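The values are calculated or read from the model by the stated rules, or taken from the named source; none is laboratory data. Because the structure is predicted, anything quoted here is derived from the model rather than measured. Positions of Cβ are backbone-derived with ideal geometry, glycine not excepted, and every protein chain shown enters the neighbour counts.
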Amino acid sequence: MNRANEGDPGTEASLSGYYAALTDPLVKFSGDLRMWHFGLWGPDTANEQEALLRSNRTLADGCGLAPGRRVLDAGCGVGGTAIAMAESYGVRVTGLTNCEPHLAVATEHAHRRGVGHLLEFRHGDFMDLPFPDDSFDAVLNHESFCYAPDKLAYLRGVHRVLKPGGRWQALEGLLTGTPLSEEQEAVHVSMQRGFHMPPLASWRDVLATLEQAGFEGMRERDLASEVAPSTQETRKRWLLFVFMSPRPRPEWTAYHEFMWAAVDFDRGLQDGAFTYRLVSGAKPAR
């Protein structure tokens, strides 16, 4: 197997540049939903599209989303989750991304889906949220919380922009908290390199950090078994693709890095090093 930039972290681009390089693959391979995250499978899930939509419903569950509510999708990518929230709940959604090329892609797709009037996409860093205090009823992270280099600072910022009683919720790959073997840590480091991200946090540490940031009503839900069919299928398809086309074109380097990191996540999930969870907390009501 030929892994792009394997063992060479010095060639990593900035995170925004990395996702800019991923724009074309994101659009080409994410279908009309424009969702680039793992799906969640249940007893009645028939296909990957249904699994993706089920993932969005799981992320929103418990936030009381309804017309008139305001939602921040922090780390919105090309807009898939934000658009789905507007379509499903009639909420007004602000999508924040540090990758400026994604703004036009997401905005155009929102208008094509008929919900452009409910969506605004903005360029910015979610470590310095460019919004007034008490702006949102819910702040969501869909596999983007992992990119926060300082989880406490980020969650304090989320706490600030949430309205009293509002909720933060995230679907995220996390550490189980058990000590990692040397092989598991190598997979963890490889995944960090491929996704251009800091080390994963453990789910228990996230709950403790939420409390430290001033949240209450913390909860978590183990979704490892529900995400596993999606991670396993991603791994199988990618290994077949690499077998058929082992030499990436230079412009596809970022895509290869991303997909190898997805394979690493599946490996860690299968052997118990990683988990996949819904984690959430509420800003106290006044």
Does region 21-38 include one or more residues that are among the aromatic types (F, W, Y), over 29 Å from P130 (Cβ atoms), modelled with pLDDT under 95 and within 18 Å of the chain's Cα centre (by Cα)?
-> yes
Would you check if there is a residue in region 105-113 being within 26 Å of A224 (Cα to Cα) and of a type in the set (S, T, N, Q)?
-> no
Quick one: is D61 farther than 20 Å from V161 by Cβ, among the charged types (D, E, K, R), at pLDDT below 95 and surrounded by fewer than 18 Cβ atoms within 10 Å (Cβ to Cβ)?
-> no
Examine region 113-127 for a residue that is surrounded by fewer than 16 Cβ atoms within 10 Å (Cβ to Cβ) and either closer than 23 Å to R219 by Cβ or hydrophobic (A, V, I, L, M, F, W, C) (or both), and state whether such a residue exists.
-> yes
Looking across region 1-20 at residues that are closer than 17 Å to W260 by Cα, at pLDDT 90 or above and of a type outside the set (A, V, I, L, M), the single one that is surrounded by the fewest Cβ atoms within 10 Å (Cβ to Cβ) is Y18
Options R247, R277, R193; residue that is of a type outside the set (A, V, I, L, M, F, W, C), under 30 Å from D133 (Cα atoms) and in contact (Cβ under 8 Å) with a residue 60 or more places away in the chain | R277
Residues of region 64-88 satisfying the condition of being on the phi < 0 side of the Ramachandran plot, touching a strand residue (DSSP E or B) at 6+ places or on another chain (Cβ under 8 Å) and either surrounded by fewer than 22 Cβ atoms within 10 Å (Cβ to Cβ) or aliphatic (A, V, I, L, M) (or both) = L65, R69, R70, V71, L72, A74, A82, I83, M85, A86
Filter the strands (runs of 3 or more DSSP E) completely within region 77-175 down to those with at least 1 residues that are hydroxyl-bearing (S, T, Y), under 27 Å from L40 (Cα atoms) and at pLDDT 95 or above.
-> 92-97
Would you mind stating whether L103 is buried (at least 24 other Cβ atoms within 10 Å of the Cβ) and either touching a residue at least 60 places away in the same chain (Cβ under 8 Å) or of a type outside the set (S, T, N, Q) (or both)?
-> no
